[in-house]
Every structure is written in structure tokens, then in C-alpha cells.
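A.B. asks: For reference, the structure I am asking about is given below.
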Amino acid sequence: MSHGHKIPRSVLVVIYTADLQVLMLERAGWPGFWQSVTGSIDHEDEPLIETAAREVLEETGIDVSHYRLQDWGIENRFEIFKKYSNRYAKGVTHNEEHVFGLELPGILPVQLDPAEHLRYEWLTWKEAAERTPSWSNRDAILLLPQKRGRAAT
């Protein structure tokens, strides 16, 4: 990282099962804020797929090499929450986020980093979409039925 600031380029990884159960994590620094796995690149030339794999392992203990991590080819640009703006260089106001999906064969146990998350829940895709206050996370979750080749029910 340059000068200790976060790089405003990140990944969002929606972790889900074949029957569309979605893993949601509650942030330690923001109780009540639920989201999928997210995280910033560590250096400018870090491949996004590596960022996604690293963040999933750090935040859940799940090794993506055993499953199907898929680049959804979606880029979102959003304003950085004011409470986190001090993590970025002066003048940085927006983040570019790249979306991935990680399909698991079923619900797996999760190992949380207590510094990052308070708890986790496996929810139906509709409940997960309703739970997150993040529009980009919600929109990604709402794509799950078509990503799985199903009609939304």
C-alpha cells in the first residue's frame, strides 16, 4: 500500500450455495451492517481474482481453490462512506468494486476474524438482499437466480 492508505479498488465476493443460501457477515466496526465478503487490493498490480481469494480466506477461512470462484464481470463505482474516508488518500471519494461469486456445494462452517466481523448468517438470497444496506451488494445478490440459471421465485 502506498503511504499507508487503502487503494480505492476492491472486490465483492457473494458466497452462496447451489440452493441459493447466501453467507452474510456483520461488520465489527459497524454493528448492524451486513454484507458479503469485501476487501481492497493490497497493491496496484494485485490481480482481482487473487484479492478475492485472499479476502475470502481472511474473512471466512474458506479456501476458494476447492470451489468455483467466478468473475461476474461487473464493476461498481460508489462513494466511500464518510466514516471510512480517512483510510484513503486525501481527495479520494469513490471506490471501484469488482464482483465475484463463489458457489459452494452446501453450507460450510465459517471462521470469522473477530477484528473484522461479529457474526455470520446463512440466509436465503432474498433475505440476504434485504439485509444488506449496500446497493452494490444487494444488486449482486439479486443476480444469483440468473447466475445459477434459474428463474427468480
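A.B. asks: Please compute the per residue accessible area over the chain with all protein chains in place, 1.4 Å probe, rounded to a whole number of Å².
C.D. replies: Heavy-atom SASA per residue in the chain reads 52 Å².
A.B. asks: So, in nm, how far is label residue 75 from label residue 87 when the simple model puts each one 7 Å beyond its Cα toward the Cβ?
C.D. replies: Roughly 2.2 nm, to one decimal.
A.B. asks: Hey, another quick one. Straight-line reach from residue 82: which lysines have a Cα under 20 Å away, not including same-chain ones fewer than 8 places off?
C.D. replies: Those lysines meeting the cut-off are 6, 90.
A.B. asks: Taking springs between alpha-carbon atoms closer than 10 angstrom, which of 128, 18, 140 fluctuates most in the Gaussian network model of the chain?
C.D. replies: So, out of 128, 18, 140, the one fluctuating most is 18.
A.B. asks: Moving on to the next point. Please work out the FRET efficiency for the pair residue 148 and residue 66, using the Cβ-Cβ distance as r and a Förster radius of 22 Å; give the result to the nearest 0.05.
C.D. replies: Values: r = 19 Å, r/R0 = 0.87.
Step by step, r from the Cβ atoms, then E = 0.70.
A.B. asks: Something else: Of the labelled options (i) 1.61; (ii) 1.05; (iii) 1.00, which one gives Cα Rg over 2.2 N^0.38 Å as computed for this structure?
C.D. replies: Recomputing Cα Rg over 2.2 N^0.38 Å here gives the entry labelled (iii).
A.B. asks: Moving on to the next point. Compare 67, 84 by solvent-accessible area with a 1.4 Å probe and give them largest first, with all protein chains kept in place.
C.D. replies: The ranking, largest first, comes out as 67, 84.
A.B. asks: Of all accessible surface on segment 1-133 at a 1.4 Å probe, what whole percent is carbon and sulfur? Present the calculation step by step, with values, prior to reporting the outcome.
C.D. replies: On the way: 3470 of 6740 Å².
About 52 percent, which is the carbon plus sulfur part of the accessible surface.
A.B. asks: Figure the gain on full extension for residue 94 and residue 107 (residue separation times 0.36 nm, minus the Cα-Cα span) and round it to one decimal in nm. Present the calculation step by step, with values, prior to reporting the outcome.
C.D. replies: Details: separation 13, 0.36 × 13 = 4.68 nm, distance 3.37 nm.
Length gained between residue 94 and residue 107: 1.3 nm.
A.B. asks: Further, regarding this structure: Check the straight Cα-Cα distances from residue 147 and name the aspartates and glutamates below 14 Å, setting aside those fewer than 8 residues away within the same chain.
C.D. replies: 19, 71, 103, 139
The values are calculated or read from the model by the stated rules, or taken from the named source; none is laboratory data. All figures in this text were calculated on a predicted structure; none of them were measured in a lab. Neighbour counts run over all protein chains shown; Cβ positions are idealised from the backbone, glycine included. Side chains are part of the model used for accessible areas, which takes the heavy atoms of the whole protein and leaves out ligands, DNA and RNA. Shrake-Rupley method; radii C 1.70, N 1.55, O 1.52, S 1.80 Å.
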